[in-house]
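In what follows, a single structure is set out as structure tokens and then discussed.
What follows is calculated from the coordinates using simple rules that are stated; it is not laboratory data. Computed from a predicted model, the values in this text were never measured in an experiment. Reconstructed Cβ throughout: ideal geometry from the backbone, glycine too, with neighbour counts over all protein chains shown.
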Amino acid sequence: MLIFGTAGIPISAKDEFKGVDVLRKLNLGAMELEFVEGVYMKEDYAKKLKEYGKDIIFSAHAPHYINLNANEETKIENSIRRIIKTAKVLNNCGRNLVFHPGYYLKRSKEVTYNRIKSNIQRILDKLEALNLNVMLRPETTGRTSQFGDVDETLKLCYELDILPCIDFSHIYARSKGTINDYNSFYKILEKIEDVLGKEAIKDMHIHLSGIEYGKGGERRHLPLNESNFNYRDVLKALKDFNASGTVICESPLKEEDAVLLMKCYNEL
Ligand SMILES: [Zn+2]
């Protein structure tokens, strides 16, 4: 079973609590706390939010300003701090912590991989020491300058015993539109199962949105029906593969497009 929800507070709500009401009314079941521009929420607020929204699955998106492959050690430490700060809030209301690991800069894919892997290990050690029970989910990213193609994301997850956030819109944008049909999406699910096992298919965290791409990949998110991204085939592949987990709609139309995804999925 897949649970559908919004990236951030629904447009028609003024805060997270009202957002829970909107989600319920629309039969949606998830909200990703958007800390992309900073962790604005207090731990106590997150705890109250969970008490209010017991039936809602909360996840969190860490700040965009993260590079675990930065040249300066202070930038790496600040990146780690931002993820830990996200984890401290999320620990009160949910489990899945999505983040973009970083940029290649001028390093090779291999060197970047090793640096990012060892810095995520540092984060995992800190999470354990702080007793923070969250699942780090490195995301498949949309730009070719960003670490996070499907293969390196899955390898990283396998080696660190964590799970990915699969953003199919990013995968499409990064491929400049070539990955956009049922078979291509199905093959990605097969790859996830091959590398991470059936459990990963039963515990997925997915991002979907309309998207525009250029020669470097992702340009901007768009409403689902204003983009050529074939979300119907993604949903079909997920259904046929019997995938379970959460689908977060990152379209600018938020709840309207989340409902569109849910209806499309339910009608398959
Ligand atoms: Zn993201």
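The antiparallel fraction among DSSP beta bridges confined to the chain stands at about 20%.
Using 1/(1 + (r/R0)^6) with R0 = 22 angstrom and r between the beta carbons of E43 and K155, what's the FRET efficiency to the nearest 0.05? Can you show the working numbers first?
Numbers: r = 33 Å, r/R0 = 1.51.
Step by step, r from the Cβ atoms, then E = 0.10.
In the range 104-261, inverting the average of 1/r over every pair of distinct C-alpha atoms gives 16.2 Å as the Kirkwood radius. Under 5 Å between amide hydrogens, built in the peptide plane, is the criterion, and for L222 it picks out G210, I211, E212 among residues at least 5 positions away or on other chains. Taking the average, over residues, of other Cβ atoms within 10 Å as the packing measure, peptides 204-212, 33-41, 106-114 rank 204-212, 33-41, 106-114 from highest down.
The dipole here belongs to the chain: it is taken about the Cα centre, uses +1 on the Cβ of Lys and Arg and -1 on the Cβ of Asp and Glu, and is about 400 debye. Each semi-axis of the equivalent ellipsoid for the chain is √(5λ) with λ an eigenvalue of the Cα gyration tensor; in descending order they amount to 26, 24, 17 Å. Looking at the range 184-268, the trypsin sites (Lys or Arg not before Pro) that sit in a DSSP loop and have at most 15 other Cβ atoms within 10 Å of their own Cβ are K215. Of the peptides 71-77, 164-170, the order by per-residue mean of other Cβ atoms within 10 Å, starting with the highest, comes out as 164-170, 71-77. Once the C-beta distance of D240 and I3 is scaled by a Förster radius of 22 Å, the resulting FRET efficiency is 0.75 to the nearest 0.05.
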